[in-house]
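Notes for the one structure printed next.
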Amino acid sequence: MAPPEPAAPPPLLLGTFEDDYGIAYSISAARWHQHPNATYRIVQWDLEGRYLIAQNAEANPSDGGLWTRIDWITLSDMPPYEWAFCLSAYNAPTAEEAERTVLANRDTPRTGCNGYPFSRMRRRSLGHRPEANLARPGYSGPVTASERTNPPVASPLP
């Protein structure tokens, strides 16, 4: 028998997004996917506390099978960014331990994620292909198929 679906999350957090580092995400009520290869199975949405608890997929590049707490904050007057998140815990041994990890400070989003900024999220259009978002230094958009096979060459000009 499949585990029950978690409580309904805020619609603001559902969809396809890109953070201010150029990383793409697909988020549903039951799954948080950081492209290209990190997936988290959401088991709890705490709407009052503004956080979720998720189990890291076994196939994730690191911390497979462990537990994550993701805190979020709504952003105003920061278009195109709508909200931001903080990975308060990402390698907790249990869901309970992840939930007890409280380090996000929403009053100071620039430093409130354990001394670092919350990652700001902007919604991507339906035509955006998150799986193509293999961001590279100095470029905040997705990498095209042509760029994957023919990477850009730095210009010798200043």
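Ranking request for peptides 57-63, 33-39, 13-19: highest mean number of other beta-carbon atoms within 10 Å first, then the rest in descending order.
Ranked from most to least packed, the peptides come out as 13-19, 33-39, 57-63.
Non-local amide H neighbours of ALA89 (under 5 Å, H modeled in plane, Pro and chain starts lacking H): which ones?
ARG69
Could you check how many percent of all C-alpha pairs in segment 1-98 are farther apart than 15 Å? Each step should come with its number before you reach the end.
Numbers: 2889 of 4753 pairs.
When all Cα pairs of segment 1-98 are counted, 61 percent exceed 15 Å.
Tally up the carbon and sulfur contribution to the accessible surface of segment 1-100 as a whole percent, 1.4 Å probe, everything protein left in place. Mind showing how you got there, number by number?
Numbers: 2690 of 4910 Å².
The C+S portion of the solvent-accessible surface of segment 1-100 is 55 percent.
Give the Cα extents of segment 30-76 along the principal axes, in whole Å, largest first.
The Cα atoms of segment 30-76 stretch 33, 20, 16 Å along their principal axes.
Over segment 53-119, give the accessible area per residue in Å² for a 1.4 Å probe, as an integer.
53 Å²
The values are calculated or read from the model by the stated rules, or taken from the named source; none is laboratory data. Note that this is a predicted model, so its numbers are computed, not measured. We place every Cβ from the backbone using ideal geometry, glycine too, and count neighbours over all the protein chains shown. We work out accessible area using only protein heavy atoms, side chains counted, and drop any ligands, DNA or RNA first. Shrake-Rupley method; radii C 1.70, N 1.55, O 1.52, S 1.80 Å.
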